[in-house]
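**Q** Submitted below is the structure of interest, expressed as C-alpha cells.
The numbers here are math on the coordinates, done by the rules we state, and not lab data. From a predicted model like this one, the values you see are computed outputs, not experimental measurements. Cβ placement follows ideal geometry from the backbone for every residue including glycine, while neighbour counts extend to all protein chains displayed.
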Amino acid sequence: MTEITKSNFDAIIAGGGLIGLSIGYGLSRRGLSVLLLDAEDTAFRAARGNFGLVWVQGKGAYFPPYADWTMRSSELWPKLAEELQETGGPALGLHQEGGLSICLSEAEMQQRYEKLDHLRAHQNGRFQFEMLDRTALKEIMPGIGPKVVGAAYCPHDGHVNPLYLMRALQIGLTRNGGVCLTNAAVRRIEKKGNSIGVCTAKGDFECQRIVLAAGLANAELAPMVGLQQSLKPQKGQIIVTEKLDQQMALPSLLLRQTDEGGLMIGDSHEDTGFETSVRPDIVSGIADRALATLPALADVGVVRSWAALRVMSKDGYPIYDQSEKMPSAFAISCHSGVTLSAAHAFDLAGYIAEASLGQELDGFSQRRFNV
Amino acid sequence: MANQHFQIVIIGAGPAGMAAALTTTKAGLETIVIDDQKDSGGQVYRNLQANQETSPAYLGQSYYDGAKLAQSFADCGAVYRPDCTVWQITDMHEVALVSRGKAELITADYIIIATGAIERPMPVKGWTLPGVMSVGGAQTLLKQAALGADNAVFVGSGPLLYLTAWQYIKAGLAVRAVIDITGEKQWRSAIPFAPLALLQPDMLAMGRKWIGDIRRNTELIYSVSTIEIIGQSQAQGVSCTLSSGDKIDIDANHIFLHQGVVPNVNLTMATGLAHQWDHQAHCWRPVIDVTGKSSDEQIYIAGDGGGIGGAKAAAIAGRLAASAIVARYGKPRFLAQLYYKLRHLHYLSIRPFLDRLYLPSADFRLAQTDETIICRCEAVSKAGVNAALASGASGPNQLKAFCRAGMGRCQGRSCGLVVQEMIASHTGQSMAEIGYYRLRPPVKPITLAELASLEGPWPD
Amino acid sequence: MFKSTMPENGRIVHLQFNGESITAFDGDNLAAALLRAGKVQFRTAAKNDPRGPYCMMGVCFECLVEIDGRPNQQACQMTVHDGMIIQRQNAPDSAGKASG
C-alpha cells in the first residue's frame, strides 16, 4: 500500500495512462513533487490496449503542427528509452529502424503516396519516406502474399512494448519521489487560496499545478478548471498470436512482431460508443487482411484478442489546453500515447513546469473547434 | 456454412448438457449441442458407448450408470456437433465456434453452458516432468484407450483420486503407493457436516469401498508435509516428508497428481458473466440462481461449471435449467421443477462435507519451493512470481504483464488459482478482492485461417 | 510404461514419431498411442523444459506436437491415421515456426 505522507504537491496528474505517466515522469525528473491519481482497474484504459507503434508516417499530413510534434517525439524517443533504462525499468524493446504501411491494391499505394508526399513537402525534407514495389518489399518481407502490391517505408517509424513503457515510467516516477495512487478518481477540483484543491475517492490533496490526462474522462473533468474537451471514443480491436520465429523485420500498421515473438494484429477504427466488446466479424476481417499480407501465418494460433477505446477529438488531433480561469491547470487529450510519450515527458512537462504551453502547441487548443 | 439460429444452444455434452437436451427437445424446442470431444459423455462418461461393447468391469458401476442418459441423448433429436471448439459467446448471444477448420456463428434464444470442471492445479516440485500426469488424465487413458501403468504412485486427495486408484487395482495393475495429503485439520472441519452427508449413503459407501480396497492392495501413506517429484528429463520418483519428520523416497516413472476439481470458468468469465469466490470450495463460480440462470437473462449454467456437484447432480442441474427455459416459452412445469430442485439439493447434501475434507492445505495449494513451476506454459517459477510481487504487481492482470504468468495457451487454467492466492497472501487481501485473470476470447486458441474463415451476414 | 488393460485388437496403423516407426490401432487417441509406445516426452517448453501429456482433456496444452507439418496440435485431442508423421515440438518458446 502506498503511504502518503504529504498533502501538498508541486503537481497533481489526473490519469494513470500513458499520457499521465509520461507527463508525471517528466515533471518528476525536473525535481517537482508529483502525485499521480489513477482510477479503478475497470476504467476504460486506452493505454492497456495500445498497439505499441512509435509512428510518424502519415501523422498530421494535413495538420502541420501535429506532424512537427510527432516528428519531434520520434526524435526524442531514444533519449527517453535510455533514461528509463538507467532508472532500472524493464527493457522496453524499442526498435526505430523504420516501419511499413503495406498496400493491397494500386489505389492504396497511390493514396498512401499522395499523403506522404504532402507531408514531405511540408516538412522540407525532414520527413523521409520511400515507396517500395513488390520486389523491393519482398527483400524485407519474403513471405508477402500475391495480393500485396507494395508498401510505404518510413525510416522514422518504430515500435516498443507499451506495457513495459508504462511500468518503466511508473518506476522512474517513483524513483524520482513521485507518488502513484490507484482507485483515486478525481471528484472535484477547486481554487484554494494560492493552491488548487483536489478531492478524490482516496482523500483531499493540494497542488500548485494540475494536469488532466484522464482520457475520455477529461470531458467531465475539464469544466472543473474552466476548460472544455470534446471527445468521443473510437474502438480498436487487436488479436495476438502465439510466439513465432521472426516473421517480419519491421512493424507495420496492421502487424507487428513483439520481442517475445508474438504477433499483434489489428487496425480497426469503429464508432460504437462506450463499449469494448470483441466482435467476431471484425477480428475475422483483421485475420483475413493479415493472411493476405503473410499467407504463411494461416496455421498460427490466435491466443488473445481485446478491444480498447481510443481518445478522439472531433478532428482526431490532440487537444492541449491551459486554463484561463485557473492558469496552472492543463488538460491534455489524445490517442498515440506511445508515439508522443517522449515529447510529453520532455517538452510538454517542461512547459507545464514553467506554467506556459509552448508556441508549437498553439494550434492544438480546443478553441480550434469554436471558430 | 451459413450462420444459423437455434432456440437453445447447449455447450458441452457431459451429463448436464445431455440431460438439458432431453428436456428441451421433449418440449419441442430446436436444440443444438456443441461439444469439443469426439463422443458425448463429457469427461465422466468418456468413451462410454465404445466401452459398453467390451465392458471392462474395473471402470465400476458408477461409470456405466451413464449409459441410459447417453442413449436417450443419442435418440432425443437434438442437433449434435462433436469435435467443435467454442471460442466466444458474444453479448448478442452468438456462439462462435470452429469445426473442421471452419468458423461459424450460431445464434440462440437461450444458451446453456455445461462445460464442467477442471482439476485444481497441484504445483509440486517436478510436476512438469514427463511421466507426471493428473489423475484425471490417467483415468481418461483408462477409459479412452484401456491404458494403465504398473507401479504408479497416486498423490493428493479427493474422490477422483480414490476412484482412479481403485480402478487401477481392479484392472490388475500394480499400484506402488497412494500418498494421501488429507490432514487432521481437514477432518476436524469436515466432521460437523458428516450428518448431512449421510443423506447420500450410497456415495459414502462407495468411497469407503474404494479406500478399503486401496488399503488392502497397496501402501497408503498419510500425514505428509512435503512432496516433490524427482527426475531430470522424466519422473523417476517421489520424495515426501512425513509430519513425524521421516523422509520416504519411492521410485516411480508414473506419478498421478490430484487435489480436487473446480468449475471450468474460462468460457463463463470470458463471456463477461458475474462470478463470485466460493469460500467453501475455494474456487470461482459463476453467480447463478437456483435454476442455473446467470447474470445474463439468456444464459444458464448447468453442472459442475456452476459449482461442483458430481455427475448425478449435473444431470439434474441440466434438467432444471432446461425446464426453467421451457417455462419461459410459456410452458410452465411447476411440479417437474420442484422435483428437480429437491433432487439437486439432495445430491448436493454431501458437498459441505467433501469440500472441507478434500480442500488441500495451503502447503499444497501454493508451491513449497522457489524452483517449482507455477505457470506451466511460460515456465514461470514460484521465485519468478514472487519477484513480480516484490516489484509491485498488485493484481493478477498486472502480474501477467510483469512476469508472463498466465499469458500462455492454457489461459491460466493451470496457474490462475495459484497466482491469485500468492498475491492474496502477499498483500493480505482476500481472494475475492484480488480477483482472477481477465479472460478474453478466444477461450481456446484458433488459427488465423480459422478466424478468417468466418462469413457474414452480420447483425447490425 | 503404459500397457493395455484389455486384450488388444483392431487394425494396425503405422506412425512415425521423430523418425522412429511405431504402431498403433486404428481409431487410437494419438497421445494414448504414443504413451503405449513408451514415448512420454512430447515437446520442450520455454527454458528447454521437457514436457508430456498431463490432463488428457485439452486443458493444459502440454501434449503439443507437430503433425504432418502442422505445429501446435494437441495430441490428446487427435485420432491417429495410417502414415501420420509426428515430430516432437522443440522450441525455445512454445510455438516454433509458422510453415514458410
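**Q** Of the beta bridges DSSP finds with both residues in the protein assembly as shown, what % are antiparallel, to the nearest 5?
**A** Looking only at bridges with both residues in the protein assembly as shown, the antiparallel portion is about 65 percent.
**Q** Within straight cross-link reach of B:LYS209, meaning Cα distance under 25 Å, which lysines are found once same-chain residues fewer than 8 apart are removed?
**A** In chain and number order, the partners are B:LYS68, B:LYS143, B:LYS170, B:LYS185, B:LYS312.
**Q** Order these by the 10 Å Cβ neighbour count, fewest first: B:TYR339, B:TYR358.
**A** By the 10 Å Cβ count, ascending: B:TYR339, B:TYR358.
**Q** Can I ask one more? Could you work out the helix-only [θ] at 222 nm for chain C, with each DSSP H run of four or more residues adding -39,500 (n - 2.57) and the total divided by the number of residues, to the nearest 500 deg cm²/dmol? If you can, show how the numbers build up before the last one.
**A** Working: 1 runs with 7 residues, N = 100.
Counting only the DSSP helices, I get -1500 deg cm²/dmol.
**Q** Moving to a separate point now. To the nearest 500 deg cm²/dmol, what mean residue ellipticity at 222 nm is calculated for chain B from DSSP H runs of n ≥ 4 alone, each contributing -39,500 (n - 2.57), summed and divided by the residues?
**A** Counting only the DSSP helices, I get -10500 deg cm²/dmol.
**Q** Here's something else I'd like to know. Over 19 Å apart: what share of the alpha carbon pairs of the stretch A:232-312 falls there, rounded to a whole percent?
**A** 35
**Q** I would also like to ask the following. Run the simple label-point estimate for C:THR79 and A:ASP10 please: 7 Å along Cα→C-beta, distance reported in nm.
**A** 7.1
**Q** Please report, in debye to the nearest 20, how large the charge dipole of chain B is about its Cα centre when each Lys and Arg carries +1 at its beta carbon and each Asp and Glu carries -1 there.
**A** Working: 40 positive and 38 negative charges, 147 e Å.
The dipole of chain B has a size of about 700 debye.
**Q** In addition: Which whole-percent values make up P(r) of the protein assembly as shown when all C-alpha to C-alpha distances are grouped in 10 Å steps starting at zero?
**A** 2, 11, 20, 23, 19, 14, 8, 3, 0, 0
**Q** Give me the distance in nm between label points sitting 7 Å out from Cα along the Cα-to-Cβ direction at B:GLU455 and A:GLN123, one decimal.
**A** Spacing of the two 7 Å Cα→Cβ label points: 4.4 nm.
**Q** Can you tell me the mean projection area, over all orientations, of the convex hull of the stretch A:306-371's alpha carbons? Units nm², please. All intermediate terms of the calculation are to be shown ahead of the outcome.
**A** Numbers: hull surface 21.5 nm².
If I average the Cα hull's projected area over directions, I get 5.4 nm².
**Q** Multiply the residue separation of A:ASP362 and A:ASN194 by 0.36 nm, subtract the distance between their alpha-carbon atoms, and state the gained length in nm to one decimal.
**A** 57.8 nm
**Q** Here's a follow-up. Hey, what did chain A get for relative contact order, percent, Cα under 8 Å, at least 6 apart?
**A** 25
**Q** Return the inverse of the average 1/r over all pairs of distinct C-alpha atoms in the stretch B:334-460, which is the Kirkwood hydrodynamic radius, in Å to one decimal.
**A** The answer is 17.6 Å.
**Q** Please average, across the residues of B:87-100, the number of beta carbons from any other chain that are within 10 Å of each residue's own beta carbon, and give a whole number.
**A** Per residue, the number of nearby Cβ atoms from other chains is 2 on average.
**Q** Which of A:SER105, A:TRP55, A:LEU291 sits closest to the plus end of the dipole of chain A, meaning its Cα is farthest towards the positive end, when Lys and Arg get +1 and Asp and Glu get -1 on the C-beta?
**A** Toward the positive end, the furthest listed residue is A:TRP55.
**Q** What is the angle, in °, between the Cα long axis of helix B:416-427 and the longest principal axis of the Cα atoms in chain B? Nearest 10 is fine, range 0 to 90.
**A** So the inclination is approximately 60 degrees.
**Q** Of A:GLY125, A:THR87, A:THR200, whose Cα points farthest to the positive end of the dipole of chain A (charges on the beta-carbon: +1 Lys, Arg; -1 Asp, Glu; origin at the Cα centre)?
**A** Sorting the options by dipole projection puts first A:THR200.
**Q** Give the share of C-alpha pairs in each 10 angstrom bin for the stretch B:155-287, from 0 to the last occupied bin, in whole percents, shortest bins first.
**A** Reading the bins upward from 0: 10, 31, 33, 21, 5.
**Q** Here's a follow-up. Taking a label point 7 Å from the Cα of A:GLU97 along the Cα→Cβ vector, which residues of the stretch A:117-156 have an amide N closer than 12 Å to it?
**A** Under 12 Å, as judged by backbone N against the label point of A:GLU97, lie A:140-141 of the stretch A:117-156.
**Q** Further, regarding this structure: For chain A, what does -39500 (n - 2.57) per DSSP helix run (n ≥ 4), summed and divided by total residues, give at 222 nm, in deg cm²/dmol to the nearest 500? List each step's numbers first, then the result.
**A** Details: 8 runs with 95 residues, N = 371.
For chain A, the value works out to -8000 deg cm²/dmol.
**Q** Sticking with this one: May I ask for the angle, rounded to the nearest 10°, between helix B:15-26 and the longest principal axis of chain B, with both axes built from Cα atoms and the value confined to 0 to 90°?
**A** Approximately 10 degrees, to the nearest ten.
**Q** Which entries in B:LYS125/B:LYS400; A:LYS243/C:LYS47; B:LYS400/C:LYS47; B:LYS38/B:LYS102; B:LYS102/B:LYS444 show an alpha-carbon gap greater than 20 Å?
**A** B:LYS125/B:LYS400
**Q** With each label point set 7 Å from Cα along the Cα-Cβ vector, what nm distance links A:GLN208 and A:ASP259?
**A** Modelled inter-label distance: 3.6 nm.
**Q** Dipole of chain B (Lys/Arg Cβ +1, Asp/Glu Cβ -1, origin at the Cα centre): which of B:TYR347, B:GLY408, B:THR54 lies farthest to the positive side?
**A** Farthest along the dipole direction, towards plus: B:TYR347.
**Q** Given Cβ point charges of +1 (Lys, Arg) and -1 (Asp, Glu) and nothing else, what value in debye, to the nearest 20, does the dipole of the stretch B:314-406 about its Cα centre take?
**A** Magnitude of the dipole: close to 800 debye.
**Q** Loop-only GluC sites (Glu not before Pro) in the stretch A:68-127, please: DSSP not H, G, I, E or B, and at most 14 other Cβ atoms within 10 Å.
**A** Numbers: sites: A:GLU75, A:GLU82, A:GLU83, A:GLU86, A:GLU97, A:GLU106, A:GLU108, A:GLU114; in loops: A:GLU97.
For GluC sites (Glu not before Pro) across the stretch A:68-127 that sit outside H, G, I, E and B with at most 14 neighbouring Cβ atoms in 10 Å, the list reads A:GLU97.
**Q** Here's a follow-up. With viscosity set to 0.890 mPa s and temperature to 25 °C, compute the Stokes-Einstein D of the stretch B:390-460, Rh being the Kirkwood radius across alpha carbon pairs; µm²/s, no decimals.
**A** 175
**Q** So, one more: P(r) for chain B, please, calculated from all Cα pair distances in 10 Å bins and given in %.
**A** Computed distribution, short to long bins: 4, 20, 30, 28, 14, 3, 0.
**Q** Would you order B:THR115, A:THR135, C:THR23 from fewest to most other beta-carbon atoms within 10 Å of each residue's own beta-carbon?
**A** With the fewest neighbours first, B:THR115, A:THR135, C:THR23 line up as A:THR135, C:THR23, B:THR115.
**Q** How much of the pair distance distribution for the stretch B:183-233 lies past 17 Å, counting alpha-carbon pairs only, in percent?
**A** In whole percent, the share of Cα-Cα pairs in the stretch B:183-233 beyond 17 Å is 61.
**Q** Taking the Cα centre as origin and putting +1 on Lys and Arg beta-carbons and -1 on Asp and Glu beta-carbons, what dipole magnitude results for the stretch A:110-251, to the nearest 20 debye? Don't skip to the end; give the middle numbers.
**A** Values: 18 positive and 12 negative charges, 80 e Å.
Using only the charged Cβ atoms, the result is roughly 380 debye.
**Q** Next question, about the same structure. Using Cα centres only, tell me the gap between the stretch A:46-109 and the stretch B:89-121 in whole Å.
**A** Cα centroid to Cα centroid, the span is 38 Å.
**Q** Given the stretch B:1-130 reduced to its alpha-carbon atoms as identical point scatterers, what log10 I(q)/I(0) does the Debye formula return at q = 0.10 Å⁻¹?
**A** So the normalised log intensities work out to -0.38.
**Q** Can you compute log10 of I(q)/I(0) for the stretch B:359-398 with the Debye formula, treating each Cα as one identical point scatterer, at q = 0.32 Å⁻¹?
**A** Taken in order of the listed q values, log10 I(q)/I(0) reads -1.06.
**Q** Something else now. Would you calculate the volume per residue, in Å³, of the smallest convex hull containing every Cα atom of the stretch A:70-149? Walk me through the intermediate numbers first.
**A** Working: hull volume 9.3 nm³, N = 80.
Taking only Cα atoms, the stretch A:70-149 has a hull volume of 117 Å³ per residue.
**Q** Further question: Using the Kirkwood radius over Cα pairs, work out the Stokes-Einstein diffusion coefficient for chain C at 37 °C and 0.692 mPa s, in µm²/s as a whole number.
**A** Working: Rh = 13.7 Å.
Rounded to a whole number, D works out at 240 µm²/s.
**Q** On the first, second and third principal axes, largest extent first, how far apart are the outermost C-alpha atoms of the stretch A:167-317 in Å?
**A** The principal-axis extents, from largest down, are 65, 36, 25 Å.
**Q** Sticking with this one: Say R0 is 60 Å: what FRET efficiency, to the nearest 0.05, do A:LYS79 and B:ALA362 get from their beta-carbon distance?
**A** 0.80
**Q** Hey, another quick one. Helix A:18-28 against the longest principal axis of chain A: what's the angle in degrees, Cα atoms only, rounded to the nearest 10?
**A** Its long axis makes an angle of about 50 degrees.
**Q** Using only Cα atoms, locate the centre of the stretch B:383-460 and the centre of the stretch B:291-318, then give the distance between them in Å, rounded to an integer.
**A** That distance is 24 Å.
**Q** Hey, another quick one. Viscosity 1.002 mPa s, temperature 20 °C: what is the translational diffusion coefficient of the stretch B:114-191 from Stokes-Einstein with a Kirkwood Rh over Cα pairs, rounded to a whole number of µm²/s?
**A** Translational D for this selection: 155 µm²/s.
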